[in-house]
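Quick notes on the structure that follows.
The values are calculated or read from the model by the stated rules, or taken from the named source; none is laboratory data. As the structure is a prediction and not an experimental result, all values here were calculated from the model. Heads up, the Cβs are rebuilt from the backbone with ideal geometry, glycines too, and the neighbour counts pull from every protein chain shown. Each accessible area value is taken on the protein alone, full model and side chains, heavy atoms only, with ligands, DNA and RNA left out. Shrake-Rupley method; radii C 1.70, N 1.55, O 1.52, S 1.80 Å.
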Amino acid sequence: MKIYFAPLEGITNHRFRNIYEGLYGHIDKYFAPFISPSEKCPLTPRDRKELTPENNTGLNLVPQILSCKSQYFIEAAKELKAMGYNELNLNLGCPSGTVCAKGRGAGFLPETLALQKFLDDIYAYAESDGMKISIKTRLGYYDPDEFYDLVEIFNAFPVSELIVHPRIRSDFYKGEPRREYFEYALEHAKCPLVYNGNIFTVKDYDELTGRFKSGLDPVMLGRGLISDPSLADKLKGFTTETDFTKLRKLHDTLYHEYQKNISPDINVLYKMRELWTYWQFLFDGNERDIKRLLKAKKYAEYEDIVYRALLTD
């Protein structure tokens with residue numbers, strides 16, 4: 001089976017990707033957190049640092065673009081092509097209020113005429129420049145039934161892969177995904193499909209494969225892989241247990257890398273706290289320690305909790 005690592009803004013940066021790959025691997029594609037090109041700046045210096053091949057050696061990395069302006073998308077695509085990328089992903093799924101207010105991400109989905117014109121432009125470019133473009137989408141903005149029209153729109157274009165997160169914008173990441181719509185896509189979409197949403201355990205995956213008789217491969221995992229970094233190992237049959245030795249190495253390497261590159265100290269702790277909001281579910285019975293850790297403001301306090309109560313030798 002193929003496993004794709006979903007982009008999580010602020011977490012799956014190039015440092016995280018490289019450290020994760022070195023410890024775990026078994027990821028077939030990494031998707032970088034989205035870039036937002038503008039008229040005068042297709043790629044920012046930060047974007048270039050994140051996406052330069054030198055910072056992603058050995059990774060099958062796909063840049064993701066968030067835009068509702070085809071000319072901005074194309075200019076960014078040309079620069080990414082010059083950097084060596086032959087595949088890009090269009091973000092039509094981000095539910096953030098600030099993103100949607102600008103008609104981007106999931107906010108682009110109800111504008112079907114504008115979306116069709118946008119796709120006309122970017123796929124014409126893709127054909128001329130030998131670029132593959134996949135799409136990551138939600139079911140719709142207001143109503144999941146919007147997905148029926150969206151599938152017809154996507155079917156008119158050479159979408160390299162359609163990654164479906166079966167929720168609408170207002171769902172954000174809450175509640176159960178509306179999996180019956182993915183079943184509809186399996187029957188009606190003309191392009192290869194990728195399922196994304198609420199796979200946190202092997203049991204979750206097995207239940208989905210039991211439901212989708214035509215199979216579930218590839219799958220995209222995001223929060224599930226952060227919550228349990230061993231999940232890809234488990235799904236591919238390399239282990240049945242969470243590897244806490246690897247988790248400690250992942251923690252320590254990220255922690256020290258952030259200490260070298262981020263200041264002041266509290267900003268490093270903000271980064272680590274965000275990871276612990278996911279990792280905490282691996283530590284049943286340690287809720288009190290986790291609560292203290294999420295409030296730690298000094299390295300010494302943070303390290304005492306982590307190494308005394310949680311990631312002990």
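Observations on the model:
- Accessible surface of region 159-260, 1.4 Å probe, proportion on carbon and sulfur as whole %: 48 percent
- Identified option (computed Rg and Dmax of the Cα atoms in Å; candidates [x] 19.7, 64; [y] 19.9, 58; [z] 20.3, 68): [y]
- Counting only protein heavy atoms and a probe of 1.4 Å, the accessible surface of region 12-104 is 50% carbon and sulfur.
- Shown is the FRET efficiency for Glu9 and Ser128, computed with R0 = 30 Å from the Cβ-Cβ distance and rounded to the nearest 0.05: 0.45.
- Accessible area in square angstrom per residue, region 10-109, 1.4 angstrom probe: 39 Å²
- For region 216-313, chymotrypsin sites (Phe, Trp or Tyr not before Pro) meeting the loop criterion (DSSP other than H, G, I, E, B) and having at most 16 other Cβ atoms within 10 Å: Phe238, Phe283.
- The Cα atoms of region 270-313 give a gyration tensor whose axes a ≥ b ≥ c have a/c of 1.5 or more with a/b no greater than b/c, which makes the shape oblate.
- For region 192-313, the solvent-accessible area of protein heavy atoms averages 51 Å² per residue (probe radius 1.4 Å; ligands and nucleic acids excluded).
- Three-way shape label, region 20-85, alpha-carbon gyration tensor, a/c 1.5: prolate
- Charge sum, other residues only, whose C-beta stays under 9 Å from Pro95's C-beta, Lys/Arg counted +1 and Asp/Glu -1: +2
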